[in-house]
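Here's the structure we're looking at; comments come further down.
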Amino acid sequence: MQFKNRLIKGLIATFIAIGGGTAGYKILGGPEWSLLDAVYMTIITLTTVGFGETQDLSANPSARILTIFIILFGMGSLLFVVSTITGFIVEGELTNVFGRRKMLKEISNLKNHFIVCGVGDIGSTIVKELKQTKRDFVVVDTDTEKLEKLGTMEKILYVNEDATKDETLVSAGIHKAQGLITILPDDKDNLFVTLTAKQLNPNLRIVSKGIEEHTIKKLKMAGADSVVLSNAIGGLRMVSVLIRPAVVGFLDKMLRAQKGKSYRFEDIVIPANSKFIGQTLANANLLHNTRVLIIAMKEKGGDFVYNPERSTIIKEDSEIVVMGESVETNKVREWVENQ
């Protein structure tokens, strides 16, 4: 982006020098100078190729002064363009362009992935969790430095553009994504991203960060499935550590990777036409011989039943909350969704 801006500025200055020089020679040269003579004289002056003057300037001091200005201003702008292009190649920016094209191609091949709008402390935590649980995702933000730093640490796919623009979300593969989380620093930006994303993909699950409590209703009206108030979550965490330290300690240990393994709570939805519909939990073998535990279950529109009985009947769109190692919970999800 910086290269593009520098190149545009340099080219504009060069074209101004050519246009101004041509007009100047045509005016100062009088009727004896044709437009082609003026253009030709400007170009050979600007490029200092050393060809002779098309018209004698010895008796035209104004034209000679113009020639001096063209050489000083025009050569400076031309050298700026050349140095910009040289720097683009030498400093590896050309490699970055090809790298971006390759990254965009990888993004276009994703399906059922997640989109994270915004980086920073919260964004970095989200990215680590998505990486830890082996989810496909794309990060969107305008901060090039933060994205490149995060990309170096986590090897992520990202789009370095404004998340509030339709084309940016399209580049991130929103039409094939299953979920989006927006954690931009301003409520109105999160509101705009939510509204835009829901219009582009009505089936998208959206989680938005909220700063002011009164924005929750607006964000949900715009299409957010859930709104998280970061300050409220921080306060809840602090009081939980105070009054139930053992529980928080257990969850903290579970969430940290242990010898390359990560343990998580996951939710699995029974799809339509699944062979498990109508079976009991005891007969269905949902866990597919893994060490995953069923924690809770609920029917569509109902409440969660914790530690459900083995005789519980599985229905379409039933949601099952399980706990186990991420690799095994992913296996269970794939097993259930493909039956």
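What follows draws every value from the coordinates through simple rules; no lab data is involved. Because the structure is predicted, anything quoted here is derived from the model rather than measured. Counting neighbours? That spans all protein chains shown, and the Cβs are built from the backbone with ideal geometry, glycine included.
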- Can you list residues whose amide H is under 5 Å from GLY173's amide H, if they're 5+ apart or on another chain and H is modeled 1.01 Å from N? none
- Checked the range 147-190 with the C-alpha gyration tensor, a ≥ b ≥ c its square-rooted eigenvalues, rounded below a/c of 1.5, otherwise prolate if a/b is larger than b/c and oblate if not; verdict oblate
- Query: Counting Lys and Arg as +1 and Asp and Glu as -1, each charge on the Cβ, what is the dipole of the range 99-180 about the Cα centre in debye, to the nearest 20?
  - Reply: 500 debye
- How big is the charge dipole of the range 263-337 about its Cα centre, in debye rounded to the nearest 20, if each Lys and Arg gets +1 on its Cβ and each Asp and Glu gets -1 on its Cβ? 180 debye
- Item | Stretchable slack from LEU79 to PHE304, in nm (0.36 nm times residue separation minus alpha-carbon distance) | 74.0 nm
- Note on the structure: Per-residue ellipticity at 222 nm attributable to helices in the chain (runs of n ≥ 4 DSSP H, -39500 (n - 2.57) apiece, nearest 500 deg cm²/dmol) works out to -16000 deg cm²/dmol
- Label points 7 Å out from Cα along the Cβ direction at LEU35 and ASN289: separation in nm? 8.3 nm
- Query: If we count every other residue with Cβ under 10 angstrom of PHE114's Cβ, Lys/Arg +1 and Asp/Glu -1, where does the sum land?
  - Reply: +1
- Note on the structure: Place a point 7 Å from the Cα of VAL228 in the direction of its beta carbon; the residues of the range 130-161 whose amide N falls under 11 Å from it are 130
- Can you give the angle from 0 to 90° between the axis of helix 245-255 and the longest principal axis of the chain, with both taken from C-alpha atoms, to the nearest 10? 60 degrees
- Projected onto the charge dipole of the chain (unit charges on the beta-carbon of Lys, Arg, Asp and Glu, signs +1, +1, -1, -1), the Cα from MET75, SER262, ILE174 with the largest positive-side position is that of SER262
- Message: Using only the alpha-carbon atoms, how far is helix 93-108 inclined from the longest principal axis of the chain? Give it as 0 to 90 degrees, nearest 10.
- Response: 40 degrees
- Straight-line reach from LYS261: which lysines have a Cα under 22 Å away, not including same-chain ones fewer than 8 places off? LYS128, LYS131, LYS134, LYS155, LYS253, LYS331
- Item | Cα coordinate range in the chain, projected on the principal axes (Å, largest first) | 107, 43, 42
- Item | Calculated FRET value between LYS128 and MET254, using beta carbons and R₀ = 22 Å, to 0.05 | 0.90
- Kindly state, to the nearest 0.05, the FRET efficiency for MET221 paired with PHE69, given R0 = 45 Å and r defined as their beta-carbon distance. 0.15
- Message: Suppose every Lys and Arg Cβ carries +1 and every Asp and Glu Cβ carries -1, with no other charges. What dipole size does the chain come out with about its Cα centre, to the nearest 20 debye?
- Response: 1100 debye
- Task: Please give the helix 2-29 orientation as an angle from the longest Cα principal axis of the chain, in degrees from 0 to 90, rounded to the nearest 10.
- Result: 20 degrees
